[in-house]
Amino acid sequence: MTADHAKPRPIGRPPSERTAAERRLRSMIVRGRFGPGDRIPPLLELATRLRISPGTAQAALASLTQDGFVEPRGSRGTVVADHPPHLFHYGVVSPYDGPAPWEEHSRFFHALEAAAVDLQRREPWRRMIFFHGIGKHHDVPDHHAALAAIRGQRLAGLIFLNSPHELMGSPLLEERGTPRVAVMAAHAFKQVPAIGVDLDLWMQRVCERLVAHGRTRPALLGLPGGFPFSDIYAKLAPKHGFTTRPYWEQNVSYARAEDASRCVQLLFHPGQDVRPDSLIVTDDHLAGGATQGLAAIGASVPRDVEVISLANFPGPPKAHTPVSFVGFDAPQIIRACVEQIDRQRRGEPVAGMIRVAPRFEDEPMDAAPMIAALEAAALAEEAQTTPGTTP
């Protein structure tokens, strides 16, 4: 639990007069009765309006000041903050307990968290409040802290870094009135728009790059099961005239880089009558071990073997040979999540599913226009498939 998390207030007791006054005033701010920069009535007038004592009114204002809803402005008195928490604080929900236990096994989630931190650095009026370890076990400190923040109306919304299916039945997922968005592969929850990565387009772009470079015999290295890349590749390979062998598709765990290295050495060892002329690495955890294997057998990269690997930008993995990285921008994904929260807050229509397109490392990325285009395209597509709707 971070220092940003407010302690949950006791439940099951009637609210005190001060707490009731605080809730009423906060509700006025959240509903727009007092907007950012608006002056709160002077103390005596406020006390009269809320039918409380001046001392109680002062205590309520002090609490709202601590939570960031209002701030003193000298001769102007107390005003609503320019960037109050219900509009500019975003709860980032992660199932992981933090970076230490997952350092080698969650590059995607680390990239997303780092992007959220960077967005706050570049736009300091936004605050990212992280809640870790929130999964199927609801009785954890950060789960209670997130719930308290929602019920205290101290968040613009919740950004789930993966599918929140383990939170079914929890107020974090079910309670109404809170904008939500999740980074997941499909629009699985009606009340939660999804931001996903376009893996079909990723494989298509990889295949097109290999064809452009005269490569016709790719090998694939992925995680156990190979899903979904193996199925996508199986559809694309005949269209591009690729030579394939069942044993040119291998899947290993990313727990040990040595396993990826040995697998690649078998795929590309010298002396074969026909061996692959390229390697597609479908998980960035495997890039280091795979290129280590190519270096171990003295493969000439990229002259004899071209390597293309998935990556999460802006931090692609380390490699031991030249690699073309193609992947997804974590800043673009986080920006899309924030935009979805803001659109819901403004009462604007949001697409149920937005898929972020991949790019090669040497291609520029301009997040804002790209997100707007993706949002418009997704809304238009949904309108075409839903009778009686318009974009």
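The values are calculated or read from the model by the stated rules, or taken from the named source; none is laboratory data. On a predicted model such as this, the values are computed, not experimentally measured, just so you know. Quick reminder, even Gly has a Cβ in these numbers, built from the backbone with ideal geometry, and neighbours come from all protein chains shown.
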For this session: Return the total of residues in the stretch 185-199 being in contact with a helix residue (DSSP H, G or I) (Cβ under 8 Å, 6 or more places away or on another chain) and either crowded, with 17+ Cβ neighbours inside 10 Å or not assigned by TED's automatic domain parsing to the domain that holds His144 (or both).
Result: 6
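For Val117, state whether it is farther than 30 Å from Ala21 by Cβ, surrounded by 18 or more Cβ atoms within 10 Å (Cβ to Cβ) and touching a strand residue (DSSP E or B) at 6+ places or on another chain (Cβ under 8 Å).
It is false that Val117 is farther than 30 Å from Ala21 by Cβ, surrounded by 18 or more Cβ atoms within 10 Å (Cβ to Cβ) and touching a strand residue (DSSP E or B) at 6+ places or on another chain (Cβ under 8 Å).
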Exercise. Which numbered condition trips up His285, out of (1) part of a helix (DSSP H, G or I); (2) modelled with pLDDT of 95 or more?
Worked result: (2)
Problem set entry | Positions within the stretch 168-184 being under 17 Å from the mean Cα position of the chain (by Cα) and either outside the structural domain of Ala111 (by TED's automatic domain parsing) or more than 18 Å from Glu339 (Cα to Cα) (or both), in sequence order | Leu172, Leu173
For this session: Could you check how many residues of the stretch 200-251 are touching a helix residue (DSSP H, G or I) at 6+ places or on another chain (Cβ under 7 Å), within 15 Å of Leu310 (Cα to Cα) and among the β-branched types (Val, Ile, Thr)?
Result: 1
For this session: Could you figure out which of (1) exposed (fewer than 13 other Cβ atoms within 10 Å of the Cβ); (2) part of a helix (DSSP H, G or I) isn't true of Gly271?
Result: (2)
